[in-house]
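*Asks:* Dropping a structure here in structure tokens format, bear with me for questions.
The values are calculated or read from the model by the stated rules, or taken from the named source; none is laboratory data. All of these numbers come straight from a predicted model, not from anything done at the bench. Positions of Cβ are generated from backbone atoms using ideal geometry, with glycine treated the same way; all protein chains shown enter the neighbour counts.
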Amino acid sequence: MNSIRSPICTVVGHVDHGKSSILDYVRHSNIIKGEAGAITQAIGASVVPLETIREICGPMLDTLKIKFNIPGLLFIDTPGHAAFTNLRKRGGTLADIAILVVDINEGFKPQTIEALEILKQEKTPFIVAANKIDLLPGWNTNKENLLKSISKQSQDVQKHLDTKIYELVGRIYEFGFQSERFDRVENYTKQVAIIPVSAKTGEGIPELLMVITGLAQKYLESCLKCDISGPAKGTVLEVKRDKQMGVSLDVIIYDGTLKKGDYLVIGGMEQPIVTKPRSFFTPMPLSEMRDKKAVFKSYDEVNAAAGVRISAPDIEEVVAGMPLMSCSEKDIEKTKEIIQNQISQVIIEKDEEGIILKADSLGSLEALVKVFRESDITIRRASIGNISKKDIIDAESNYEKDPLKTVIIGFNVSINDDAKSDKVKIFTNDIIYKLIENFEKWVQGEKKRREAEEVDSLVRPCKIKVMKGYVFRQNNPAVVGVDILTGKVKTGIRLMKDIEPLTTVKGIQLDKKNISVAEEGKQVAVSLDKITIGRQVCEEDILYSVIPESDFRRLKELKKYLTSGEISILKEIAEMMRKENELWGI
């Protein structure tokens, strides 16, 4: 039997930009005061019934001229660092629609970008709540509707608000989205609505609820149909441990119905976890799952979409982000196979060589794998948990073949004390796009460093002139003064006149001190073996370094590390050599 479920609305954005505070105002609760440092530390869910939305929006909701049949909105509040990567089901994000909260005064921050990247990647429709308008200089709080309130502000304040809105429009455009203030939007399917709000004063909150509810009803109705007679399908938001309940799971059920007596099959790292819930509870409307004072009610069955707290045995090893399904006893094996197939698509030995990915939850890991795969980065293994000694040993096995893949990437995880290695490069961050940015920057830097080292190991082009009047010894070895016209002279390099190799630089002196390298523009004394000055080499002769053909080819590939003078001499040498062999160095 099909029914219309509540749309799942995820509230995302940068830490401390006011995600929880906006929901607090809607619920008239004060979750945020209970959070460490007033920052959300866990993911919570709460249902806002349609009746409550009507009360808050008043006559505004009627102006949309839409017949509402959604039961309400299921809001999920995420920590800034999680960027709702935990909130996933097979095929994408768990959210049907999202509110991206941005502090209008601060604008885009790293986790704003993180959230917007994932919204774009998952094609999740969203609106923008431009929060903290009450902190705009000169703003006067007005309890009338938002547009009237704006019209009563001074011209300077209105102009400043418009400037801040269009700064957001510009940033959102960088991600490929057209956007506009909500009252100026011409087409909600082509433009992202920006609603100025204040979670502190409540200004703009009715307009925010009106827009999100209207969009959900008008454009999402077809995908909100769920089969409530089917098995429950859900995602583990959080694993909770307390003295009274022991281990419990906070779960979002997005399809089907969870019934008393059902078995639950939950994805596991090695194999599915099968359990039979002792009880399950849902927070009362407008209560929040994380609130210690939240009122929970026990039910015999729960229909999608709902936030549910489940008490059950044998769930100690469950990790956040894992998929779950309910089933009867006879369907356990079939359900285990379905669930584990979902897990194996993420936790899998990927490529023979590649980096190692670690994350705090299955959803995070899935998002991490997707982002790195889209950048054509090979992945040897992806798994959940902190970075361990086993991960280090695994990564080290890449070192001989490719040191640039001797890397572990960790999203929102820590490094165990015994996980140390001079060979393995470890990156950790709580922003996925920072991880890939930092990794790619390191790879480019390492490539440049290695190429620069390689150039120094090759015979580089140089051109010297034997100075007239500075023959200190004619032979055994010959010692003469030379002028370094281009490049560097090093001990051990061979020199040629025209294209005939004649001698090797055995030593270099500058100001009567022995040196191993002399640079362009210097005049130094060099000792040269196997020649006699006046026979093979004369005063004012020009000598060039003897460059092996293989070195020449590689130097052409790495010419960005050569000076313009060296490149010019490289061409001269090639022209000389090609008089004898027209294919030399090609």
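*Asks:* Do we have any residue at all in region 530-540 that's under 19 Å from Gly565 (Cβ atoms) and either within 57 Å of the chain's Cα centre (by Cα) or in contact (Cβ under 8 Å) with a residue 40 or more places away in the chain (or both)? Lay out the reasoning, then the answer.
*Replies:* From region 530-540, those under 19 Å from Gly565 (Cβ atoms) are none; that's our starting set.
Within region 530-540, none of the residues are under 19 Å from Gly565 (Cβ atoms) and either within 57 Å of the chain's Cα centre (by Cα) or in contact (Cβ under 8 Å) with a residue 40 or more places away in the chain (or both).
*Asks:* Let me ask something else about it. Can you tell me which of (1) more than 18 Å from Glu453 (Cα to Cα); (2) of a type in the set (Val, Ile, Thr); (3) surrounded by 15 or more Cβ atoms within 10 Å (Cβ to Cβ) is the one Ile547 doesn't meet?
*Replies:* (1)
*Asks:* Out of (1) crowded, with 18+ Cβ neighbours inside 10 Å; (2) in contact with a Pro (Cβ under 8 Å, 6 or more places away or on another chain), what's the single condition that is false for Ile194?
*Replies:* Of the numbered conditions (1) crowded, with 18+ Cβ neighbours inside 10 Å; (2) in contact with a Pro (Cβ under 8 Å, 6 or more places away or on another chain), the odd one out for Ile194 is (2).
*Asks:* Would a scan of region 288-308 turn up a residue that is touching a helix residue (DSSP H, G or I) at 6+ places or on another chain (Cβ under 7 Å) and either among the aromatic types (Phe, Trp, Tyr) or at pLDDT 80 or above (or both)? Spell out the reasoning first.
*Replies:* At the first step, the residues of region 288-308 found to be touching a helix residue (DSSP H, G or I) at 6+ places or on another chain (Cβ under 7 Å) are 288, 290-292.
If we keep only those that are either among the aromatic types (Phe, Trp, Tyr) or at pLDDT 80 or above (or both) too, we end up with none.
No; the residues of region 288-308 include none that is touching a helix residue (DSSP H, G or I) at 6+ places or on another chain (Cβ under 7 Å) and either among the aromatic types (Phe, Trp, Tyr) or at pLDDT 80 or above (or both).
*Asks:* Shifting gears a bit: For the list (1) acidic (Asp, Glu); (2) touching a Gly at 6+ places or on another chain (Cβ under 8 Å); (3) loosely packed, with under 12 Cβ neighbours inside 10 Å, I need the number of the one condition that Glu540 fails.
*Replies:* Status for Glu540: all satisfied but (2).
*Asks:* Also: Among the listed residues Lys425, Lys434, identify the single one that is surrounded by 12 or more Cβ atoms within 10 Å (Cβ to Cβ), within 32 Å of the chain's Cα centre (by Cα), of a type in the set (D, E, K, R) and modelled with pLDDT of 95 or more. Steps first, please.
*Replies:* Numbers: Lys434 fails: modelled with pLDDT of 95 or more.
The match here is Lys425.
*Asks:* Quick check: is even one residue across region 456-478 part of a loop (DSSP other than H, G, I, E, B), under 30 Å from Ser388 (Cα atoms), touching a residue at least 40 places away in the same chain (Cβ under 8 Å) and among the charged types (D, E, K, R)? Before you say what the answer is, go through the steps one by one.
*Replies:* Here is the first cut: in region 456-478, the ones part of a loop (DSSP other than H, G, I, E, B) are 458-462, 474-477.
Checking which are under 30 Å from Ser388 (Cα atoms) leaves us with none.
Checked against the condition, which is being part of a loop (DSSP other than H, G, I, E, B), under 30 Å from Ser388 (Cα atoms), touching a residue at least 40 places away in the same chain (Cβ under 8 Å) and among the charged types (D, E, K, R), region 456-478 yields no hits at all.
*Asks:* Regarding region 146-157, can at least one residue be identified that is buried (at least 22 other Cβ atoms within 10 Å of the Cβ), outside any loop (DSSP other than H, G, I, E, B) and at pLDDT 95 or above? Spell out the reasoning first.
*Replies:* Here is the first cut: in region 146-157, the residues buried (at least 22 other Cβ atoms within 10 Å of the Cβ) are 146.
After this cut, where a residue has to be outside any loop (DSSP other than H, G, I, E, B) as well, the list is 146.
Applying the additional criterion that residues be at pLDDT 95 or above yields none.
No, there is no match, as no residue in region 146-157 is buried (at least 22 other Cβ atoms within 10 Å of the Cβ), outside any loop (DSSP other than H, G, I, E, B) and at pLDDT 95 or above.
*Asks:* Would you mind finding the one in Val15, Val48 that is buried (at least 21 other Cβ atoms within 10 Å of the Cβ) and either within 26 Å of Lys132 (Cβ to Cβ) or modelled with pLDDT under 75 (or both)? Before you say what the answer is, go through the steps one by one.
*Replies:* Values: Val15 fails: buried (at least 21 other Cβ atoms within 10 Å of the Cβ).
When all the criteria are applied, what remains is Val48.
A quick yes/no check of all residues on (1) modelled with pLDDT of 95 or more; (2) over 18 Å from Pro501 (Cα atoms); (3) assigned to a helix (DSSP H, G or I):
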| site | (1), (2), (3) |
| --- | --- |
| Tyr544 | yes, no, no |
| Lys560 | no, yes, yes |
| Met576 | no, no, yes |
| Lys579 | no, no, no |
| Glu582 | no, yes, no |
| Gly585 | no, no, no |
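*Asks:* If we scan region 501-515, do we find a residue that is touching a residue at least 12 places away in the same chain (Cβ under 8 Å), in contact with a Pro (Cβ under 7 Å, 6 or more places away or on another chain), closer than 24 Å to Ala574 by Cα and surrounded by fewer than 19 Cβ atoms within 10 Å (Cβ to Cβ)?
*Replies:* No, because not a single residue in region 501-515 is touching a residue at least 12 places away in the same chain (Cβ under 8 Å), in contact with a Pro (Cβ under 7 Å, 6 or more places away or on another chain), closer than 24 Å to Ala574 by Cα and surrounded by fewer than 19 Cβ atoms within 10 Å (Cβ to Cβ).
*Asks:* Of all residues in region 304-335, which are surrounded by fewer than 20 Cβ atoms within 10 Å (Cβ to Cβ) and either in the same structural domain as Pro7 (by TED's automatic domain parsing) or more than 31 Å from the chain's Cα centre (by Cα) (or both)?
*Replies:* Ser311, Pro313, Asp314, Ser328, Glu329, Lys330, Asp331, Ile332, Glu333, Lys334
*Asks:* With the structure loaded, tell me whether Lys164 is farther than 26 Å from Ile8 by Cα and either surrounded by 19 or more Cβ atoms within 10 Å (Cβ to Cβ) or touching a strand residue (DSSP E or B) at 6+ places or on another chain (Cβ under 9 Å) (or both) or whether it fails that test. If you could, list the steps in order and put the result at the bottom.
*Replies:* Details: farther than 26 Å from Ile8 by Cα: yes; either surrounded by 19 or more Cβ atoms within 10 Å (Cβ to Cβ) or touching a strand residue (DSSP E or B) at 6+ places or on another chain (Cβ under 9 Å) (or both): yes.
Considered against the rule, which asks whether it is farther than 26 Å from Ile8 by Cα and either surrounded by 19 or more Cβ atoms within 10 Å (Cβ to Cβ) or touching a strand residue (DSSP E or B) at 6+ places or on another chain (Cβ under 9 Å) (or both), Lys164 comes out as yes.
Conditions tested, residue by residue: (1) surrounded by fewer than 22 Cβ atoms within 10 Å (Cβ to Cβ); (2) without any contact (Cβ under 8 Å) to a residue 60 or more places away in the chain; (3) in a helix (DSSP H, G or I).
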residue: Leu357; (1), (2), (3): no, yes, no
residue: Leu368; (1), (2), (3): no, no, yes
residue: Val371; (1), (2), (3): yes, no, yes
residue: Arg380; (1), (2), (3): yes, yes, no
residue: Leu404; (1), (2), (3): yes, yes, yes
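*Asks:* Here's a check for you: in region 461-485, which residue that is surrounded by fewer than 21 Cβ atoms within 10 Å (Cβ to Cβ) and among the β-branched types (Val, Ile, Thr) is farthest from the chain's Cα centre (by Cα)? Write out each step before concluding.
*Replies:* Residues of region 461-485 surrounded by fewer than 21 Cβ atoms within 10 Å (Cβ to Cβ): 465, 467-477, 479, 481, 483-485.
Filter once more, so that each one left must be among the β-branched types (Val, Ile, Thr): 471, 479, 484.
Values: Val471: 65, Val479: 61, Ile484: 50 Å.
Step by step, filter region 461-485, then rank; the result is Val471.
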